Amino acid sequence: MQDLSELSGAWHGWSIQDGVRITESLHLKIGAGGIDGTGCDKDGDFTVQGSYDTNRNTVRLTRRYTWTTDPSQSGVGIPYEYHGTWDGSVVSGRWNPRTAPWYGGPFEMWPVKEDEYSLEALEVEEAVAPRGRPTVPH
């Protein structure tokens, strides 16, 4: 199993929101049990802060948008919680807005390998089956 603390750098990922798969690109600094970084997806630019537990292989992150594609910028600063498990190659789990823990969806993120396709190749949003949950603006 790869040690998460040795994987600072570029990461890719996706999350499901309202039945749509959204890809993302991140740059993470990982070490001493902490994770800090920045990223972007179709909704805007964000920061990420959190922690990991190497004994339990758990990851907990908080994402906050610093800029959004919404002209009102209403989503800026809202905390989104990401709780996942590191399996040695991928962090997978569930995300939700801190103020609406019943809303959210699955996510995965992984460190970029040298031979991995560029993010442009990943930037195809694909529809997935909706889960019938109400929509929360972000």
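Residues are listed down the side, and each one gets a yes or a no for (1) touching a strand residue (DSSP E or B) at 6+ places or on another chain (Cβ under 7 Å); (2) of a type in the set (Lys, Arg); (3) over 17 Å from Glu108 (Cα atoms):
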| residue | (1), (2), (3) |
| --- | --- |
| Ser8 | yes, no, no |
| Ile16 | yes, no, no |
| Gly19 | yes, no, no |
| Ala32 | no, no, yes |
| Asp53 | no, no, yes |
| Arg56 | no, yes, yes |
| Tyr65 | yes, no, yes |
| Asp70 | no, no, yes |
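Filter the stretch 93-110 down to residues that are surrounded by fewer than 17 Cβ atoms within 10 Å (Cβ to Cβ) and farther than 17 Å from Val20 by Cα, then give me how many there are.
Of the residues in that region, 5 qualify.
Inspect the stretch 85-96 for any residue being at pLDDT 95 or above, assigned to a loop (DSSP other than H, G, I, E, B) and of a type in the set (Lys, Arg) and give the result as yes or no.
No - not one qualifying residue is present in the stretch 85-96.
Looking at Thr54, is it farther than 17 Å from Asp18 by Cα, of a type in the set (Val, Ile, Thr) and at pLDDT below 95? Walk me through how you get there before you give the answer.
Working: farther than 17 Å from Asp18 by Cα: yes; of a type in the set (Val, Ile, Thr): yes; at pLDDT below 95: yes.
The answer is yes for Thr54.
State yes or no: is Gln73 in contact (Cβ under 8 Å) with a residue 40 or more places away in the chain, over 14 Å from the mean Cα position of the chain (by Cα) and in a loop (DSSP other than H, G, I, E, B)? Steps first, answer last, please.
Working: in contact (Cβ under 8 Å) with a residue 40 or more places away in the chain: no; over 14 Å from the mean Cα position of the chain (by Cα): yes; in a loop (DSSP other than H, G, I, E, B): yes.
Judged against the criteria, Gln73 is not a match.
Please determine, by comparing only the residues of the stretch 63-87 that are surrounded by 15 or more Cβ atoms within 10 Å (Cβ to Cβ) and among the hydroxyl-bearing types (Ser, Thr, Tyr), which one is farthest from Trp102 (Cα to Cα). Step through it out loud before you land on a result.
Looking only at the stretch 63-87, we keep the residues that are surrounded by 15 or more Cβ atoms within 10 Å (Cβ to Cβ), and these are 63-65, 68, 75-76, 78, 80-84, 86.
Remaining after also requiring among the hydroxyl-bearing types (Ser, Thr, Tyr): 65, 68, 80, 82.
Numbers: Tyr65: 20, Thr68: 23, Tyr80: 12, Tyr82: 13 Å.
Going through the qualifying residues, I end up with Thr68.
Test Ala10 against the stated conditions and say whether it is aliphatic (A, V, I, L, M), modelled with pLDDT of 95 or more and farther than 27 Å from Glu114 by Cβ. Show your work before the answer.
Details: aliphatic (A, V, I, L, M): yes; modelled with pLDDT of 95 or more: yes; farther than 27 Å from Glu114 by Cβ: no.
Judged against the criteria, Ala10 is not a match.
For Val48, are the conditions met, namely being over 10 Å from the mean Cα position of the chain (by Cα), closer than 21 Å to Thr69 by Cα and among the aliphatic types (A, V, I, L, M)?
Numbers: over 10 Å from the mean Cα position of the chain (by Cα): no; closer than 21 Å to Thr69 by Cα: yes; among the aliphatic types (A, V, I, L, M): yes.
Criteria not met by Val48.
The values are calculated or read from the model by the stated rules, or taken from the named source; none is laboratory data. The structure displayed is predicted, hence computed values, not measured ones. For neighbour counting, all protein chains shown are included, and Cβ atoms are generated from backbone atoms with ideal geometry for every residue, glycine included.
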